[in-house]
1. Can you tell me which residue is modelled with the lowest pLDDT among those in segment 37-66 that are assigned to a helix (DSSP H, G or I) and either of a type in the set (Gly, Ala, Ser) or within 20 Å of Val211 (Cα to Cα) (or both)?
2. Could you tell me whether Lys195 is within 22 Å of Cys61 (Cα to Cα), among the charged types (D, E, K, R), in contact (Cβ under 8 Å) with a residue 60 or more places away in the chain and part of a loop (DSSP other than H, G, I, E, B)?
3. Kindly provide the set of residues from segment 194-207 that are out of contact with any Asp or Glu (no Cβ under 9 Å at 6 or more places or on another chain) and surrounded by 12 or more Cβ atoms within 10 Å (Cβ to Cβ), ordered by number.
4. Output yes when any residue across segment 225-235 is farther than 29 Å from Asn89 by Cα and surrounded by 10 or more Cβ atoms within 10 Å (Cβ to Cβ), and no when none is.
5. Give me the residue from segment 159-175 that is buried (at least 18 other Cβ atoms within 10 Å of the Cβ) and part of a strand (DSSP E or B) and, out of that set, farthest from the chain's Cα centre (by Cα).
6. Within the group Leu102, Leu123, Leu135, Leu115, which residue is hydrophobic (A, V, I, L, M, F, W, C) and in a loop (DSSP other than H, G, I, E, B)?
7. Restricting attention to segment 236-256, and to residues there that are aliphatic (A, V, I, L, M) and outside any loop (DSSP other than H, G, I, E, B), which single residue is surrounded by the fewest Cβ atoms within 10 Å (Cβ to Cβ)?
8. What is the number of the single condition among (1) surrounded by 14 or more Cβ atoms within 10 Å (Cβ to Cβ); (2) closer than 15 Å to Leu60 by Cβ; (3) without any contact (Cβ under 8 Å) to a residue 40 or more places away in the chain that Gly153 does not meet?
Amino acid sequence: MKILVSIKQVPSRDSQLRVDASGRWIQENDLSFETNEPDAFALEEALRLKEQHGGEVVALCAGPARVSQTIREALAKGADRAIHIEADNLASLDTLGVAKLLAKAAESEKPDLILTGLQSDDLGYGQTGVVMAELLGFPHATIIMAVEKIDTGIRVKRELEDGWFQNVELPLPAVLTIQSGINKLRYATLMGIKKAKTKEVKRLTAADLGVQIASAASIERVYLPQRSKQTQMIEGNAKEAAAKLVEKLRFEVRVI
């Protein structure tokens, strides 16, 4: 079974973010970067499926030259080879623009299964995997907690609201978006790090893929949220005040 895993490089969680001069994105020149956490769980699930059923795991990553670090980490953990779509302006692309690049690169690989993280830690749209599936004409399922290979394809467990789950069977090829925390992430071994240096990394551009980079949507402004405080006096007796407080916590603050 050939499994293609889409991974993304994002700013480290402890990074101090500052808006750049354009006001439309963050300054990246002094940031440290890491693998998007949900994508790390997608890679782990792909490696486990390969260990159970054999086949090949191919890491797919789009971005500038610095994403080679993320690609090497995926190879060191056990991916067999990688595809790097060189794109310096990835932050300026919307979900459809990114999905077109990834889908076109995946098309020639003819994978049995495509895994992505549920969403990215930087933008958090949670749509790239779904749009890829639509572009490729593949069935898809989201918020995946478990994957099982069966004779007719795969059986997956989806997380729903309020502690409910759904079990779905899909034919292959298919696209799945993986929920964080479904398994324990492995560390790259010293041998894996050494082997990663010799593994194939195929580099492609949008021109190579025949994709014209364009965005239907764009980020117009990035800014820090303004902090404010407001005091409200709740009138009435204790029972009435408690009911009003619960209502505000539920529908205005949305913490219960």
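1. From segment 37-66, those assigned to a helix (DSSP H, G or I) are 37-53, 65-66; that's our starting set.
Now restrict to residues that are either of a type in the set (Gly, Ala, Ser) or within 20 Å of Val211 (Cα to Cα) (or both): 40, 42, 46, 65.
On the way: Ala40: 96, Ala42: 96, Ala46: 97, Ala65: 92.
By that ranking, first place goes to Ala65.
2. On the way: within 22 Å of Cys61 (Cα to Cα): yes; among the charged types (D, E, K, R): yes; in contact (Cβ under 8 Å) with a residue 60 or more places away in the chain: yes; part of a loop (DSSP other than H, G, I, E, B): no.
Taking the combined requirement at face value, the residue does not satisfy it.
3. Keep residues of segment 194-207 that are out of contact with any Asp or Glu (no Cβ under 9 Å at 6 or more places or on another chain), which gives 194-195, 197-198, 201-202, 207.
If the condition is that a residue be out of contact with any Asp or Glu (no Cβ under 9 Å at 6 or more places or on another chain) and surrounded by 12 or more Cβ atoms within 10 Å (Cβ to Cβ), then Lys195, Val201, Lys202 are the ones that fit.
4. To start, the set of residues in segment 225-235 that are farther than 29 Å from Asn89 by Cα comprises 227-235.
Retained after the next criterion (residues that are surrounded by 10 or more Cβ atoms within 10 Å (Cβ to Cβ)): 234.
Looking through segment 225-235, at least one residue is farther than 29 Å from Asn89 by Cα and surrounded by 10 or more Cβ atoms within 10 Å (Cβ to Cβ).
5. Start the filter on segment 159-175 by keeping residues that are buried (at least 18 other Cβ atoms within 10 Å of the Cβ), which leaves 170, 173-175.
From what is left, the residues that are part of a strand (DSSP E or B) are 170, 174-175.
Numbers: Leu170: 21, Ala174: 16, Val175: 13 Å.
If we take residues in segment 159-175 being buried (at least 18 other Cβ atoms within 10 Å of the Cβ) and part of a strand (DSSP E or B), then Leu170 is farthest from the chain's Cα centre (by Cα).
6. On the way: Leu102 fails: in a loop (DSSP other than H, G, I, E, B); Leu135 fails: in a loop (DSSP other than H, G, I, E, B); Leu115 fails: in a loop (DSSP other than H, G, I, E, B).
Result of the check over Leu102, Leu123, Leu135, Leu115: Leu123.
7. Taking segment 236-256 and keeping what is aliphatic (A, V, I, L, M), we get 238, 241-243, 245-246, 249, 253, 255-256.
Next, from what is left, pick out any that are outside any loop (DSSP other than H, G, I, E, B): 238, 241-243, 245-246, 249.
On the way: Ala238: 7, Ala241: 13, Ala242: 12, Ala243: 12, Leu245: 13, Val246: 11, Leu249: 12.
That would be Ala238.
8. (2)
The values are calculated or read from the model by the stated rules, or taken from the named source; none is laboratory data. Just so it is clear, the model here is predicted, and its values are computed rather than measured. Cβ coordinates were reconstructed from backbone atoms using ideal geometry, including for glycine residues, and neighbour counts include every protein chain displayed.
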